[in-house]
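The structure appears right after this line, and notes come after that.
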Amino acid sequence: MSGAERALELGGDEHACRLSLRAQPGARRSGVVGLWNGHLKVAVRAPAEDGRANEELLSVLAEALELPRRALTLERGAQARLKQVSIAAPRSQIAARLQALLEPGDGPTESAPRA
C-alpha cells in the first residue's frame with residue numbers, strides 16, 4: 001500500500017480528538033478536498049500570511065465537521081503545511097462525520113478514516 005493510500009488516523013477519546021491535516025493555502029475554493037498521505041487535506045483561499053490561512057482553515061474545518069469554531073485549536077504546524085488540530089468533540093462523532101465527508105461521490109478521496 002502506498003503512502004497516498006493510507007487511511008486517515010484519528011487520535012483521541014470520548015472527550016476530544018486530534019486530527020492531522022495538510023493545508024493548501026491560496027486555493028481557488030475552500031473546503032475539505034480529500035486525503036493526502038494519511039492526512040486530511042483542506043484547501044483555503046486565504047494566503048499563508050499573518051495567520052490568515054490558519055484561521056480560515058479552522059473555520060472551514062469547523063463548518064465541515066458541523067462544530068462551532070471554538071471547538072478547534074491549532075496544536076502544531078502554525079507555519080507549516082502539515083498541521084495538527086485538537087477538536088473538542090468525541091472521536092466517534094468526528095470519525096463518522098469525516099467518513100461521510102470522504103465517501104466516494106462527495107469528492108476526491110483515497111480511503112475512509114479509521115476510528
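None of the figures in this text is laboratory data; all of them are computed from the coordinates on show. Keep in mind that this is a model prediction, so the values were computed, not measured. Glycine gets a Cβ as well: all are built from the backbone with ideal geometry, and neighbour counts include every protein chain shown.
Odds and ends about this structure:
- Between residue 45 and residue 75, the modelled labels are 3.1 nm apart [label points 7 Å from Cα along Cα→Cβ].
- Taking every C-alpha pair closer than 8 Å and separated by at least 6 residues, the mean separation divided by the residue count of the stretch 14-79 gives a relative contact order of 25 percent.
- The packing ranking, built from the mean of other Cβ atoms within 10 Å per residue, places the peptides 95-102, 54-61, 22-29 in the order 54-61, 95-102, 22-29, highest first.
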